[in-house]
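The values are calculated or read from the model by the stated rules, or taken from the named source; none is laboratory data. Because the structure is predicted, anything quoted here is derived from the model rather than measured. Every residue, glycine among them, receives a Cβ derived from its backbone with ideal geometry; neighbour counts consider all protein chains shown. Ligands, DNA and RNA are excluded from the accessible area calculation, which covers all protein heavy atoms including side chains. Shrake-Rupley method; radii C 1.70, N 1.55, O 1.52, S 1.80 Å.
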Amino acid sequence: MNVGFFGIQFSFGLQQTAVSPIFSFLGAHHDELPLLNLAGPVTGLLIQPIIGAISDKTWSPKWGGRRKPFFLIGAILASLCLFAFPFSPELWFAVGLLWILDAGNNTAMEPYRAFVGDKLPDDQLTYGYQMQSLFVGAGITLANLSLFAFQHWFSTPVEGGGLFSGTEESVSSIPTWVYYSFFLGALASIGTILWSVWKTPEIPPSEEELKEIQEHNADTPSPMVQILSVLLVIFSVPLVLGYITAEVYPQLWDNINLGVIVVLIYAFFWLYILYKLIKKNKTNKTLKRLGATLDPLLEAAEAIGVMPGFLWKLAAVYLFQWYALFIYWQFLPPMLRTSLYGISNEDNDRFNGIMESFKAGNEINSADQSFAENIQSLAEQALGHAGLMNGTYNFVTMLVALALVPLASRIGSKLVYVVCLFLSAIAMLSMPFITDKWLLLAPMILFGIGWAAMMGIPYAMVSKVIPEERRGVYMGIVNMMIVIPMLIQTVSFGPIIKNYLDNDATNAILFAGVFFSIAAILALRLNLPKDQQTVQ
């Protein structure tokens, strides 16, 4: 039943490593990369809880049951986007596909996790989710290694006019070998999900549960209509207000980061107003249905008000940890372009200018052709090596994850977590200064150990301080602690790297190292209650 997670995580692995380089191939500047990745945190924050709530009240034997219809639709969407992604003719097209791709992956993710919980008895849940973690690690690792392998196997020399051999309309600086990883990801996404759908039937609800579902869905639109309606309600007012504000203050059109921040502020207050309306009008059918769909978000809002102090301290750690992680995923390939292959910002600007001139139908002289082809070749090598580095740290994580459990029981979860965050900081702070591509794998070992701790130890600590009857909602809040720092990074780091870090990707990775160090220092405050300090 967990095989489908391989395909979902293969897709996420490609997103982590290859999407930002594709944006760069299509002309995006370093300071634009964070905002272009806005789709991930926004869809993660909204799509997962909405889909989870709707799937809880769904039973459709014709389409597979309760969870299958959703992760099958998500896999189909993701596969189509993965197939189309490398064909993106312009930057705006690739960004639009990323939004659909993230929506598809998140549509598959939440009901899939619930599907495994539905199927297994309590005494098999730990084993089931361990197997899930295995497929997660395998999917991300192989996605990254495919980029490295295909760059070596199928990369064709661009010298001698390769970049300029097509017509102006058809030219693309996205390497052909990148297509193969995305095609493989498309096949993995839909193929593994279909395997799980075919081989693992869902458990039918009892007569009482089925009656409750039918009563809840009486006179209720189809799940697709519900999803679109909820998203329309959530986004419509903030977007309209944002547009009006930008018309009043035209500088928002020039500073897109600030414009997005304004829209997000409107969205926050709009959700608060909806929350108050739903609570005060419990008899209104329309608002009641909207409240049922938004229930995970509403329940999370109420639970935050009485959240244990430990979780507030963890939120501070996560702010710096996940902010740093999102920087790393966005800026590793650009860093390698500079630190390993010597491509400067001026080189990038000249390359983009040459390609734009060629697309406009202008004749390109031999010197410019040679320069552009060399930059393209080096950029391809940087992307391939980024795949090897990311594959390495995920492979190390797979090997180390279980070994951290007895270590944490011996010396304490907090100490292991703090040390692993410092190891991640050392990895980030050392990478920009290593100019040997094979020595660059050493910091990846440190980062892989850190990633293993980040993915497991905080959840084990959280489980000891939250009330068991609200475990689901508080785990959802922990997920929000992950997504919100990513959201903050997408709207804030573009101006930071442009105005304070010389628009340099190597400085971005160093910045991530500093943030990991701050996270490690803040993690020293994560003290469990005395009666909960024994690690199991």
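The label point for residue 374 and the one for residue 479, both projected 7 Å from the Cα toward the Cβ, are 4.9 nm apart. From the residues 94, 351, 227, which one has its Cα farthest along the dipole of the chain in the positive direction, the dipole being from +1 and -1 charges on Cβ of Lys/Arg and Asp/Glu about the Cα centre? Sorting the options by dipole projection puts first 227.
Of the listed residues 213, 434, the order by accessible area with a 1.4 Å probe, largest first, is 434, 213. Please report the relative contact order for the chain, taking Cα pairs under 8 Å with a sequence separation of at least 6, and give it as a percent rounded to a whole number. It rounds to 25 percent for the chain.
A simple spin-label model places pseudo-atoms 7 Å from Cα toward Cβ; at residue 399 and residue 152 they are separated by 1.7 nm.
Any idea how far the Cα center of region 136-153 sits from the one of region 63-112, in Å? Answer, in whole Å: 20.
Calculated FRET efficiency, residue 87 to residue 435, Cβ-Cβ distance, R0 = 35 Å: about 0.50 to the nearest 0.05.
Taking R0 as 60 Å, what FRET efficiency do you get between residue 248 and residue 134 from their Cβ-Cβ distance, rounded to the nearest 0.05? Mind showing how you got there, number by number?
On the way: r = 53 Å, r/R0 = 0.89.
Efficiency computed from Cβ-Cβ geometry: 0.65.
Compared with the dominant principal axis of the Cα atoms in the chain, helix 295-305 is inclined by about 90°.
The angle between the Cα long axis of helix 413-430 and the longest principal axis of the Cα atoms of the chain comes to about 20 degrees, rounded to the nearest 10.
For the chain, the longest principal axis of the alpha carbon atoms and the long axis of helix 68-84 meet at an angle near 10°. Which one, 264, 75, 520, projects farthest toward the positive side of the charge dipole computed for the chain from Cβ point charges (K/R +1, D/E -1)? Towards the positive end, the residue furthest out is 520. Loop-resident trypsin sites (Lys or Arg not before Pro) (DSSP state other than H, G, I, E or B) in region 389-460 with no more than 16 further Cβ atoms inside 10 Å of their Cβ: 437. In the calculated pair-distance distribution of region 35-143, the portion above 18 angstrom amounts to 58 percent of the Cα-Cα pairs.
What FRET efficiency comes out for residue 195 versus residue 258 if R0 is 60 angstrom and r is the Cβ-Cβ distance? Round to the nearest 0.05. Efficiency at R0 = 60 Å is approximately 0.85.
When the trypsin sites (Lys or Arg not before Pro) in region 238-321 are filtered for DSSP coil states and for at most 14 other beta-carbon atoms within 10 Å of their beta-carbon, the remaining sites are 282. Close amide H contacts of residue 65 (hydrogens built in the peptide plane, cut-off under 5 Å, sequence separation of 5 or more or a different chain): 60. Multiplying the residue separation of residue 228 and residue 302 by 0.36 nm and subtracting their alpha-carbon distance yields 24.1 nm. Ellipticity at 222 nm from helices only: DSSP H runs of n ≥ 4 in the chain, each -39500 (n - 2.57), divided by the residue count, give -26000 deg cm²/dmol.
Length gain on complete extension for the stretch residue 502 to residue 235, per 0.36 nm per residue less the alpha carbon to alpha carbon distance?
Numbers: separation 267, 0.36 × 267 = 96.12 nm, distance 3.45 nm.
The residue 502-residue 235 span can extend by a further 92.7 nm.
Per residue, the Cα convex hull of region 411-453 amounts to 52 Å³. The lysines within cross-link reach of residue 68, meaning a Cα-to-Cα straight distance under 24 Å and a gap of 8 or more places when in the same chain, are 57, 119, 199, 211.
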